[in-house]
Amino acid sequence: KQEVTQIPAALSVPEGENLVLNCSFTDSAIYNLQWFRQDPGKGLTSLLLIQSSQREQTSGRLNASLDKSSGRSTLYIAASQPGDSATYLCAVSSGSARQLTFGSGTQLTVLP
Amino acid sequence: DTGVSQNPRHKITKRGQNVTFRCDPISEHNRLYWYRQTLGQGPEFLTYFQNEAQLEKSRLLSDRFSAERPKGSFSTLEIQRTEQGDSAMYLCASSLGLAAYEQYFGPGTRLTVT
């Protein structure tokens with residue numbers, strides 16, 4: 001059974017800092033890995049998708065890496081802003097339905 | 001707006017009542033997923049449709065839950081005889097089933113069972 005773990009569960013940083021969120025998964029037989037953002041009481045916004053054959057993806061101030069063999073991914077956020085405050089979720093796609101298995105998320109607070 | 005839509009956005013019901021939620025996926029997306037998210041946790045997979053066929057169901061989907069996608073377009077999720085433990089956010093996602101198989105999520109339906 002696939003299990004996804006995210007560390008830390010919560011993180012508070014001052015504005016302008018660079019930060020790294022960590023995600024690990026137990027079964028390396030994945031199709032892809034997605035990072036999502038979730039604001040309180042809202043749905044999920046897809047940030048980045050890394051296919052299993054890729055090592056990293058970049059979008060603006062965000063960079064995600066994938067090491068499938070070790071079951072790890074990181075999300076790097078550069079020059080953090082208060083508007084980045086949200087919960088960040090990591091999910092891996094596996095199984096015949098390619099369903100997503102999620103971690104519990106990292107709650108990020110960026111202080112002005 | 002051409003994203004995934006869900007209705008209603010909020011539902012409050014009394015224990016024992018039946019509720020039905022609707023999901024409209026992105027047009028032409030043939031793959032549709034339902035997930036459930038409880039407070040402080042990540043979403044958990046419930047069920048999957050490819051076109052109108054329900055191909056996968058999680059153990060979380062008890063006999064009180066049923067999902068349909070009659071014409072391969074919109075989908076409904078019904079919960080019969082609701083229990084307080086059913087209180088959660090119910091999320092729908094769709095995917096085109098090509099290349100990256102990226103899933104796009106709707107805003108969710110927040111269910112509160114009193």
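The values are calculated or read from the model by the stated rules, or taken from the named source; none is laboratory data. Note that the structure is a prediction, hence the values are computed from the model and not measured. Here Cβ is always computed from backbone atoms with ideal geometry, including for glycine, and neighbour counts include all displayed protein chains.
Per-structure values
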| read-out | value |
| --- | --- |
| Failed criterion for B:Leu55 (all others in (1) surrounded by 14 or more Cβ atoms within 10 Å (Cβ to Cβ); (2) not in a loop (DSSP other than H, G, I, E, B) hold) | (1) |
| Count - residues of the range B:43-69 that are basic (Lys, Arg) and in contact with a Leu (Cβ under 9 Å, 6 or more places away or on another chain) | 2 |
| Filtered residue count, the range A:91-111, keeping only those that are at pLDDT 95 or above and of a type in the set (Lys, Arg) | 0 |
| From the options A:Tyr88, A:Tyr76, residue that is surrounded by fewer than 17 Cβ atoms within 10 Å (Cβ to Cβ), at negative phi and modelled with pLDDT of 95 or more | A:Tyr76 |
| Boolean, A:Ser53 is within 13 Å of chain B (Cβ to nearest Cβ), at pLDDT below 95 and in a strand (DSSP E or B) | no |
| Selection count, the range A:69-112, where residues are within 11 Å of chain B (Cβ to nearest Cβ), touching a residue at least 60 places away in the same chain (Cβ under 8 Å) and of a type in the set (Ser, Thr, Tyr) | 6 |
| Matching residues in the range B:67-89 - criterion: being assigned to a strand (DSSP E or B) and either crowded, with 16+ Cβ neighbours inside 10 Å or touching a Phe, Trp or Tyr at 6+ places or on another chain (Cβ under 8 Å) (or both) | B:Ala67, B:Ser75, B:Thr76, B:Leu77, B:Glu78, B:Ile79, B:Ala88, B:Met89 |
| Residue satisfying condition, being under 18 Å from A:Tyr31 (Cβ atoms), surrounded by 16 or more Cβ atoms within 10 Å (Cβ to Cβ) and of a type outside the set (S, T, N, Q), within set B:Leu61, B:Leu96 | B:Leu96 |
| Counted residues, the range B:94-114 - those being more than 8 Å from chain A (Cβ to nearest Cβ) and either small (Gly, Ala, Ser) or assigned to a strand (DSSP E or B) (or both) | 7 |
| Residue identified as in contact (Cβ under 8 Å) with a residue 24 or more places away in the chain and surrounded by fewer than 20 Cβ atoms within 10 Å (Cβ to Cβ) among A:Glu17, A:Glu56 | A:Glu17 |
| Of residues in the range A:26-46 being free of Cβ contacts under 8 Å to residues at least 24 places away in the same chain and surrounded by 15 or more Cβ atoms within 10 Å (Cβ to Cβ), the one nearest to the other protein chains (Cβ to nearest Cβ) | A:Gly43 |
| Selection count, the range B:1-50, where residues are among the basic types (Lys, Arg) and more than 13 Å from chain A (Cβ to nearest Cβ) | 4 |
| Extreme residue, nearest to the other protein chains (Cβ to nearest Cβ), among residues of the range B:51-74 that are more than 14 Å from B:Cys92 (Cβ to Cβ) and of a type in the set (Gly, Ala, Ser) | B:Ser58 |
| Qualifying positions in the range B:3-39 - assigned to a strand (DSSP E or B), touching a residue at least 60 places away in the same chain (Cβ under 8 Å) and of a type in the set (Val, Ile, Thr) | B:Ile12, B:Thr13, B:Val19 |
| Among the candidates A:Leu11, A:Leu49, residue that is touching a residue at least 24 places away in the same chain (Cβ under 8 Å) and surrounded by 15 or more Cβ atoms within 10 Å (Cβ to Cβ) | A:Leu11 |
